[in-house]
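Have a look at the structure below before the remarks.
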Amino acid sequence: MVLLAAAAGIAVANVYYVQPLLQLIADDFHAPARTVGLVSVMMQAGYALGIVAFVPLGDILQPRKLLVAMFAAVAVMLAAAAAAPTIALLAAATLAIGLCTTCAQVLMPFAADFATPAQRGRVIGMMQTGLIIGTLFARAAGGVVGAHFGWRAVFWGAAGLCAASAAALARVLPLRPPRAHMRYADLLGSIFALVVRYPALRASMALGVLAFATFAGLWTVMAFHMHELGYGSDVVGYLGVLGIGSAFAAGRFGVLADRRGTLFTGTVAWAILLAAFATLLIAGWTLWGVVAACAAFPLGLSLNQISNQTRIFSLDDAARSRINTAYMFTNFAGGALGALGATLAWQHGGWNAAAAFHLALVAAMAPVLVWYRRLDGLRRS
């Protein structure tokens, strides 16, 4: 589990290295914020496409071979991004990185296979710890290394980490037989049937979309906002480190989901997100306001993710990879839309418009929670 959590963190970090580097990239290529913001959008869109293309294969292929190949491929794509001579080629490279680095989502249902139903929340919490640490490391390392050695050095370092991960997984990852035997086209077609069959999956997808849109959108405009306040990319990286508490709390959140249920933990997550974005709207022009929100926001996001994945991984043992595909595809499609929406809000109304946009996304989670509460009550009655 430690190996799987560490590998997941290294993989997911690739999606977030670029966020604190956007101002540096804009300066290097002499490009406007709108153009550079599309680099982040392409990363999110690539990840969403990669989830559909590769994550379902975890149900019909040997996961070890699939994971080693994906880690090796993303190492090559990161090297291509580091050497990109134009902003257009960098955007193309980030699209490919997003496509290949979905190995983190192949790892998640693989880890759930090792858990009993009563311990599934705890295992998902452990994996979430790895993902959070990877995300925080990406932002901190991206911001600090980028400020001192340039943004290209960040991508070269990430390429080395992924190459080392491919070698480690090839050596020690346990074998697991395929869960299903079907053609690739039928595999993809069955994902839609799973979404139709399970209302709990649809509710989790809706909650995940809205929460992840706030995550991608916030960090897309944060570098520009901190530059506006007079701070550099290193400070943006330090802001990411403020979420370290949520990484160490993730295991306890998983246990809480096992004991109190995912509806309870999902509601707590929503309240934390609402408070964080209300703070950004009211006090986002002050450093203390940004710090307070960036400390609380990852906690709510992590608890929301643990609640959703604990819920969906209990639905069908033989289809976990496909269920995770449906869930994570909509998450990162929401991330791409969130990044795009935040970029447009920033362009037309600055920070106040961007903060209001994110608060509206969080508010939209409330009716979904109410609907699932009624659905859960009918199921238990």
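Nothing in this text is a laboratory measurement; each read-out follows from the coordinates by a stated rule. Owing to the predicted nature of the structure, the values given are computational and were not obtained by experimental measurement. Cβ atoms come from the backbone with ideal geometry, glycine included; neighbour counts cover every protein chain shown.
Numbers at a glance
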read-out: Computed label-point distance, nm, for sites F149 and R260 using a 7 Å Cα→Cβ extension; value: 4.2
read-out: Fully extended contour minus Cα-Cα distance, from H348 to E228, at 0.36 nm per residue; value: 41.7 nm
read-out: Gained length - S314 relative to A69, 0.36 nm times residue gap less alpha-carbon distance; value: 85.4 nm
read-out: In the range 167-200, trypsin sites (Lys or Arg not before Pro) in a DSSP loop with at most 10 other beta-carbon atoms within 10 Å; value: R183
read-out: Added length on full extension, which subtracts the Cα-Cα distance from 0.36 nm per residue, D186 to A167; value: 3.6 nm
read-out: By average C-beta atoms within 10 angstrom, highest first, the peptides 48-58, 269-279; value: 48-58, 269-279
read-out: Three semi-axes of the equivalent ellipsoid, the range 126-217, Cα gyration tensor, whole Å, largest first; value: 33, 23, 12
read-out: The chain: radius of gyration over Cα atoms, expressed as a fraction of 2.2 N^0.38 Å; value: 0.92
read-out: Debye, to nearest 20: dipole size of the chain, +1 on Lys, Arg Cβ, -1 on Asp, Glu Cβ; value: 1160
read-out: Theoretical ellipticity at 222 nm over the chain - DSSP helices of four or more residues, -39500 (n - 2.57) apiece, nearest 500; value: -29000 deg cm²/dmol
read-out: Value of relative contact order over the range 2-380, rounded to a whole percent, pairs C-alpha under 8 Å and six or more apart; value: 28
